[in-house]
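I have placed the structure first, in the form of C-alpha cells, so that the comments after it can refer back to it.
The values are calculated or read from the model by the stated rules, or taken from the named source; none is laboratory data. Quick caveat: nothing in here was measured; it's all calculated off a predicted structure. Please note: Cβ atoms are built from the backbone with ideal geometry, for glycine as well, and neighbour counts cover all protein chains shown.
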Number of protein chains: 4
Amino acid sequence: MGVVIINFKAYKEGFGLKGLELAKAVEDVANKVDDYIAIAPISLDLQRFVNELSIDVYSQHVDAVNFGSYTGRINAEMIKEVGAKGSLINHSERRLKLADIDFIVDKFKELELVSVVCTNNITTTAAAAALQPDYVAIEPPELIGSGIPVSKAEPEIVENSVKAAKDVYPEIKVLCGAGISKHEDYVTALDLGAEGVLLASGVVKAKDPKAALEELVGLR
Amino acid sequence: MGVVIINFKAYKEGFGLKGLELAKAVEDVANKVDDYIAIAPISLDLQRFVNELSIDVYSQHVDAVNFGSYTGRINAEMIKEVGAKGSLINHSERRLKLADIDFIVDKFKELELVSVVCTNNITTTAAAAALQPDYVAIEPPELIGSGIPVSKAEPEIVENSVKAAKDVYPEIKVLCGAGISKHEDYVTALDLGAEGVLLASGVVKAKDPKAALEELVGLR
Amino acid sequence: MGVVIINFKAYKEGFGLKGLELAKAVEDVANKVDDYIAIAPISLDLQRFVNELSIDVYSQHVDAVNFGSYTGRINAEMIKEVGAKGSLINHSERRLKLADIDFIVDKFKELELVSVVCTNNITTTAAAAALQPDYVAIEPPELIGSGIPVSKAEPEIVENSVKAAKDVYPEIKVLCGAGISKHEDYVTALDLGAEGVLLASGVVKAKDPKAALEELVGLR
Amino acid sequence: MGVVIINFKAYKEGFGLKGLELAKAVEDVANKVDDYIAIAPISLDLQRFVNELSIDVYSQHVDAVNFGSYTGRINAEMIKEVGAKGSLINHSERRLKLADIDFIVDKFKELELVSVVCTNNITTTAAAAALQPDYVAIEPPELIGSGIPVSKAEPEIVENSVKAAKDVYPEIKVLCGAGISKHEDYVTALDLGAEGVLLASGVVKAKDPKAALEELVGLR
C-alpha cells in the first residue's frame, strides 16, 4: 500500500531494450498490487518508456535551467512535454546546489511535475522539506548499495526524518532508500512513517528482477 | 562541400515536436547539397530523431562514465546503442575536465563514434588535438552568439587553429563556430583550412531556419 | 547596533598589503561604534589579518572535507587553527551542494566556529535555517552589485526571510546583502528584523572605503 | 640531481605549525643535496611558509579567475604577490576544465610563475604539453597512494610520457608521481627521462618524514 520508485541508474540492465523489458516486468507487478510503483530510467529512454508503459515514468535528473542557450542540459519543461511524471532531484550521485534544488522544485510546482528530492540525513531532510517538494527521499550514504536495509539498521533515521520533514512541511511525503529489498524491510519503512521506498540495485541488479519486486511488495 | 553541424541546444525551437520539424527541414536541405549536414538535439530527443531522420544525429554531451551506479548520466555506449553518430564534447556551455575529455574520446574510438571536441582558442585546440579526436571545433568565446563571424573577424584564429591542430595530429578535421550564418563566411572558413562549421542560433533561432540554412550552404 | 560583515572578495583593493590597509581602516571604524564589524578576506590573507587585527576575521569559504588526501582545499579545522572566527558558506559566487553546506555547518558547531550561510530567496533561507547555522545572509541575486538596496527595493524579502528563518530555527540571526551602502538602508534592514548586513563592493570598491563605512554605520 | 616537489595536501601533518616543522625538515635536507626540493602547502600556510623558508614554495591550486567579484577563490596574481614560486595545476584531487588549465598556464607565463600541470596518462600528458607549461607531472591514478612506484610498475608510462610531452613541446620538464618513496625508484624515474618526482604521503605521512626524504635523495 506504499510507494515504490525504482531508479534504473546507468545500469546496463536498466538501459535501452533490456531496460524496456525490465520496465514491462515492473509494470506487470504494478498491475497486480495497490502499491504505487514507478520507474526512473536514463534520459535517453524517457520518451520511449513513457510511450510504451502505463506506469509513471520519472526522470533521474533535471538541470536548473530554462529554455535557451544551454548545451547538454535538460529542463523541467522538457521532461513535462515528453510525458514524465516528475523527477528525482539531488540524488546522491547527482548532488545539486541548494539554490538549484529550489529552482527546480519551484518550477515543478508551476508545471505540476512531482518532485522527489533526495537527502542524506535528518538535517538535510528538514532543509529539503522547507522547499516544499512532493517527496523527500532519505538515503543514508553509508547504507547505499550495502544490502543493509535502512529501516532495520537505522529505524530512528527513518522515523526522525519523517518527523523532521513534517514539522517543516506537513504535506510532504517521505521515502527511504538504501539497502531495502525484502518485504519486511518495506513494511517496516511504512510502519516507521515513510510513504514508501526508493530502490535501485535491489531490483535492477537482481538475478530475477520481477521476482525481487514481487517479493518486495509481498506477492511471494 | 563542407561539414555543417547544427547544435539545437536547449532552444525551445529545437526541442520536441518543433525540434523534429526543424530537423526535417535540415534534412530537406541536406538532401539537396553535397555538404555533410548533421544535427545535435537534446538527449531526450536523440532516439526519436535518429529513428525519424536520415541525416546523422549527434549528442550534445556525454558523461565520462561507464555503465554502473550513476544517476542522471549518459555514456558513450548508450548514445551508440540509440544510434547517434557521435557527440559534441566539451562545448563552451558544458566544459569538461581534461581527463574526462580524454576518457570520452578514447571510448569513442573503441565504439566508432565520431568525437567533436570544442575548444576556445589555438592553444586548447592543439591540446585537444593531442587526444586525437575526429574533429576539433574552435569557438572563440567572445564571438559566440555575437553575429560576428569568426572567419571574418579573426581569420588568423581559424587558420592558426587548423595549423596547430594538424601539427599535433595530421588526420584531425577542424570546424569553426561562433557567429557564422552567411554563405561567404562559411566559404571563407573552408578557404582558411577548416572542414566546416558548428552552428546554433544562426539556424535554430532564425525566423526561417530552412532559408537560413539554404543561404548558408549557397542554395539562395 | 547591528552586524556588518564585509566580504573582501577577490578584489584587488581587498588583497595583500592594500587589503591589510583597508582592514585597518575597518578596524578604526569598528573601534568607534557599538556595531559588530568583521571582515572576510581571501584565504591567503587569513592568517596574517588575524594576527594583525583586533576585529573578527572570517573565511570566504571552506570545503566540505576533513584532514586527509585532498589537494587545494581548506577545511573548518584549518581556519579554526589559524584563528578565523567563522566563514561565509555558500556565497552566491561559491555555491555549494546542500549536503556540503550541512557538513560544514555541523563541523562549525563542533569547533565553535560561526557559520554564515548565504541564500538567494525566502525559500532557500528557510532551508538553510533548518541546518541551524548561526547566521543566514539573504542576497537577492538580481540586486547584487546593483547599487539598489534590498532593504528599500524589496523590504518584504527581508521581512519574510527573517520570519521564515525564525519559524524554522528561532535562534538564527539574519543578515541581508545586496546593494546596501547608505546608513538609512542599514537602519531599514535592522528595522525589518535583520541583525545586520553583508557588504562587499559598497565598502571595498568605494573611493574612500573608510568614509563609506563611517557613513554606513552613521558616523557621518 | 633531480627535482622533488612535495605536496602537503590537506594532511594534518602538513598543516600549520606541524606543517612548518615538516617544511623546515625538508629545507634541512634540501640544503644538503643538489636536488631541487620544493613544497606545496595549503593556501592558508602559503604566505607564512614563504616568509620562514628558503626553499621554493608552491601553491596546490589556483582558480582560473582575475581580480574581481569572486568569493573564495585565489588567482595567479595573488600567489605571485605572496611569494609563491608557482603552483600545481589540475592535481588529480582538484581536476580542472581544459580551458581553465590553459587560462592559468598562460597567466603564469605572463607573471613568471612556474606551472606544474598534473596529468593521468600519456595522452593527457601530450595534451597538457600543448599548453606549454614548465612541468607536466604524470600520476597514473591506479598507483596514487598505492605504495607501488610508477617508475617500477609502469616504466613505459614514464618513458612514453616523456617522449609524448617532448614531441609536443621540447622544452617541457616531466615529473612523475604515484607510489615513489625509495631512492632507487627516484633514480629509475630520472633514468627513464623524467626530471624528477611529485610526492605526497611517501614523505608527509612517513613516520620520520626527514629520514624518508633523505632516503629518497640518497643521503641514507
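Scanning the stretch A:33-55 for residues that are surrounded by fewer than 20 Cβ atoms within 10 Å (Cβ to Cβ) and without any contact (Cβ under 8 Å) to a residue 40 or more places away in the chain yields A:Asp34, A:Val50, A:Asn51, A:Glu52, A:Leu53, A:Ser54.
Looking only at the stretch B:71-95, which residues are in a helix (DSSP H, G or I) and β-branched (Val, Ile, Thr)? Give the derivation first.
So the first thing to find is which residues in the stretch B:71-95 are in a helix (DSSP H, G or I), and the list is B:76-82.
Once the filter is applied, which keeps residues that are in a helix (DSSP H, G or I) and β-branched (Val, Ile, Thr), the stretch B:71-95 yields B:Ile79, B:Val82.
Out of the residues in the stretch B:94-120 that are in contact with a Gly (Cβ under 9 Å, 6 or more places away or on another chain) and of a type in the set (Val, Ile, Thr), state the one that is farthest from the other protein chains (Cβ to nearest Cβ). Per the stated criteria, the residue is B:Val114. Just so you know, in the stretch A:121-130 the residues that are crowded, with 24+ Cβ neighbours inside 10 Å and under 17 Å from the mean Cα position of the chain (by Cα) include one that is nearest to the other protein chains (Cβ to nearest Cβ), and it is A:Thr124.
Among the candidates C:Ser161, C:Ser151, single out the residue that is farther than 28 Å from A:Asp167 by Cα and either free of Cβ contacts under 8 Å to residues at least 40 places away in the same chain or of a type in the set (Gly, Ala, Ser) (or both).
Values: C:Ser161 fails: farther than 28 Å from A:Asp167 by Cα.
Of C:Ser161, C:Ser151, the one residue that is farther than 28 Å from A:Asp167 by Cα and either free of Cβ contacts under 8 Å to residues at least 40 places away in the same chain or of a type in the set (Gly, Ala, Ser) (or both) is C:Ser151.
Of all residues being more than 8 Å from chain B (Cβ to nearest Cβ) and among the charged types (D, E, K, R) in the stretch A:32-47, which is nearest to A:Glu112 (Cα to Cα)? Just the residue, please. So, considering only residues that are more than 8 Å from chain B (Cβ to nearest Cβ) and among the charged types (D, E, K, R), the one nearest to A:Glu112 (Cα to Cα) is A:Asp35.
Failed condition for B:Ala10, given (1) out of contact with any helix residue (DSSP H, G or I) (no Cβ under 9 Å at 6 or more places or on another chain); (2) at the interface with another protein chain (Cβ under 7 Å from one of its Cβ atoms), with all others met? That leaves (1) as the condition not met. The single condition among (1) part of a loop (DSSP other than H, G, I, E, B); (2) of a type in the set (Val, Ile, Thr); (3) within 12 Å of chain C (Cβ to nearest Cβ) that D:Ile55 does not meet is (3). For the stretch B:26-40, the count of residues that are under 23 Å from A:Ser59 (Cβ atoms) and of a type outside the set (Ser, Thr, Tyr) is at least one. Scanning the stretch A:173-187 for residues that are at pLDDT 90 or above, surrounded by fewer than 24 Cβ atoms within 10 Å (Cβ to Cβ) and of a type outside the set (D, E, K, R) turns up A:His183, A:Val187. The residue that is farthest from the other protein chains (Cβ to nearest Cβ), among those in the stretch D:131-144 that are out of contact with any Gly (no Cβ under 8 Å at 6 or more places or on another chain) and buried (at least 16 other Cβ atoms within 10 Å of the Cβ), is D:Tyr135. Every test in (1) over 15 Å from the mean Cα position of the chain (by Cα); (2) aliphatic (A, V, I, L, M); (3) under 30 Å from D:Asp35 (Cα atoms) is passed by D:Val105 save one, and that test is (1).
Consider A:Lys166 carefully, then state whether it is within 13 Å of the chain's Cα centre (by Cα), modelled with pLDDT of 95 or more and over 12 Å from A:Pro140 (Cα atoms).
Details: within 13 Å of the chain's Cα centre (by Cα): no; modelled with pLDDT of 95 or more: yes; over 12 Å from A:Pro140 (Cα atoms): yes.
Judged against the criteria, A:Lys166 is not a match.
Restricting A:Phe8, A:Phe15 to residues that are buried (at least 21 other Cβ atoms within 10 Å of the Cβ) and out of contact with any strand residue (DSSP E or B) (no Cβ under 8 Å at 6 or more places or on another chain) narrows the list to A:Phe15.
Here is a check on your reading of the model: is B:Ile79 under 30 Å from A:Ile144 (Cα atoms), surrounded by 24 or more Cβ atoms within 10 Å (Cβ to Cβ) and not polar (S, T, N, Q)? Lay out the reasoning, then the answer.
Details: under 30 Å from A:Ile144 (Cα atoms): yes; surrounded by 24 or more Cβ atoms within 10 Å (Cβ to Cβ): yes; not polar (S, T, N, Q): yes.
Yes: the conditions hold for B:Ile79.
Of all residues in the stretch D:147-185, those satisfying the criterion of being polar (S, T, N, Q) and closer than 19 Å to B:Ala128 by Cα are D:Asn160, D:Ser161.
Selection of the stretch D:131-163 for residues being of a type in the set (D, E, K, R) and over 16 Å from the mean Cα position of the chain (by Cα) yields D:Glu142, D:Lys152, D:Glu154, D:Glu156, D:Glu159, D:Lys163. Please indicate, with yes or no, whether at least one residue in the stretch D:71-93 is touching a residue at least 12 places away in the same chain (Cβ under 8 Å), more than 14 Å from chain C (Cβ to nearest Cβ) and not β-branched (Val, Ile, Thr). For the stretch D:71-93, residues touching a residue at least 12 places away in the same chain (Cβ under 8 Å), more than 14 Å from chain C (Cβ to nearest Cβ) and not β-branched (Val, Ile, Thr): present. Quick one: B:Leu20 ticks every box in (1) in contact with a Ser or Thr (Cβ under 6 Å, 6 or more places away or on another chain); (2) within 14 Å of chain A (Cβ to nearest Cβ) bar one, so which box is it? So B:Leu20 meets the others, but not (1).
Among the residues of the stretch C:180-187, some residue qualifies, meaning at least one is within 21 Å of C:Val136 (Cβ to Cβ) and not aliphatic (A, V, I, L, M). Exactly one residue out of A:Val62, A:Val50 is more than 18 Å from B:Pro41 (Cα to Cα) and either in contact with a strand residue (DSSP E or B) (Cβ under 7 Å, 6 or more places away or on another chain) or among the hydrophobic types (A, V, I, L, M, F, W, C) (or both), and it is A:Val50. Screening A:Tyr58 against (1) without any contact (Cβ under 8 Å) to a residue 40 or more places away in the chain; (2) closer than 23 Å to A:Glu13 by Cα leaves a single unmet condition, (1). Within the stretch A:21-32, the residues that satisfy the criterion of being buried (at least 17 other Cβ atoms within 10 Å of the Cβ) and in contact with a helix residue (DSSP H, G or I) (Cβ under 8 Å, 6 or more places away or on another chain) are A:Leu22, A:Ala23, A:Ala25, A:Val26, A:Val29.
Which one of A:Val62, A:Val50 is more than 7 Å from chain B (Cβ to nearest Cβ), assigned to a helix (DSSP H, G or I) and in contact with a helix residue (DSSP H, G or I) (Cβ under 8 Å, 6 or more places away or on another chain)? Answer to the selection: A:Val50. If I filter the stretch A:145-163 down to residues being buried (at least 22 other Cβ atoms within 10 Å of the Cβ) and among the small types (Gly, Ala, Ser), which single residue comes out as nearest to A:Thr119 (Cα to Cα)? For the stretch A:145-163, the residue satisfying everything is A:Ser161.
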